1. Could you give the length gained by full extension between residue 228 and residue 127, i.e. 0.36 nm per residue of separation minus their alpha carbon distance, to one decimal place?
2. Once fully extended, how much extra length lies between residue 108 and residue 78, figured as 0.36 nm per residue of separation less the alpha-carbon to alpha-carbon distance?
3. Where the centre of each part is set by its Cα atoms, how far does the stretch 118-138 sit from the stretch 174-211, in angstrom?
4. Explain nothing, just the number: relative contact order of the stretch 114-213, from Cα pairs under 8 Å at least 6 residues apart, as a whole percent.
5. Taking Cα pairs under 8 Å and at least six residues apart, what relative contact order does the stretch 75-164 come out at, in percent?
6. Sticking with the crude label model, points 7 Å out along Cα→Cβ, report the distance from residue 162 to residue 145 in nm, one decimal please.
7. So what is the relative contact order of the stretch 33-107, in percent, for Cα pairs below 8 Å that sit 6 or more residues apart?
8. So between residue 215 and residue 59, what do we pick up on full extension, going 0.36 nm a residue minus the alpha carbon distance?
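Only the coordinates and a few stated rules stand behind these numbers; no lab work does. Only a predicted model underlies this, so the values are computations on that prediction, with no experimental measurement involved. Note that we place each Cβ from the backbone using ideal geometry, even for glycine, and neighbour counts take in every protein chain shown.
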């Protein structure tokens, strides 16, 4: 899945770059329709979410899909402020986890789903507000919560992870594209840092019979995806 997400990102970048070049070469009159001012926007987005850190999170949980929704307002043509909610769940790679745990019996590894929710306020800085295709950079600060299902092997072990929550920071770059007077779309890459210091997915991978709890750390992941906006 990581290869598919990378290919998707490269493809979106090429398409948007080609469109931006075409607009630069087009007569300026073609741009006037896309300068209609708007005050508010609401949006939905869908992304591929890739685990990054700690190492156990990256190695033993699969990439997943993230759902996001939010809205905000335009302060200046080059600045938007938004409130955002995201939800993502990562499935445990049961085959690799069974090897990590060191169990060679017949029963399979089950559970271990890690779920993260975020609530974020962000500022989006738009590089080309009068263009149809607008590169942007985004920074956000908010709150996240992460919890996990117990990871089990029937009759052998039942491992759990303490929930964690706290401050989160997100950094993103992308491109907005105006579809019509009221509708727009965007592609975005973001890097998310959950700064609680208590995220310990390694606790779910302790061997049968127990072991020392894993030291917690920050939760880091990235995503790349697309969204659609309604502008009012």
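1. On the way: separation 101, 0.36 × 101 = 36.36 nm, distance 1.89 nm.
Residue separation times 0.36 nm, minus the Cα-Cα distance, leaves 34.5 nm.
2. On the way: separation 30, 0.36 × 30 = 10.80 nm, distance 5.30 nm.
Taking residue 108 through residue 78 to full extension adds about 5.5 nm, to one decimal.
3. Between the Cα centre of the stretch 118-138 and that of the stretch 174-211, the gap is 19 Å.
4. Working: 202 pairs, mean separation 25.0, N = 100.
Taking the mean separation of contacting Cα pairs over the length of the stretch 114-213, I get 25 percent.
5. Working: 166 pairs, mean separation 27.0, N = 90.
The value is 30 percent.
6. 1.8
7. Numbers: 106 pairs, mean separation 21.3, N = 75.
Dividing the mean separation by the residue count of the stretch 33-107 yields 28 percent.
8. Working: separation 156, 0.36 × 156 = 56.16 nm, distance 1.68 nm.
Between residue 215 and residue 59, full extension yields 54.5 nm more.
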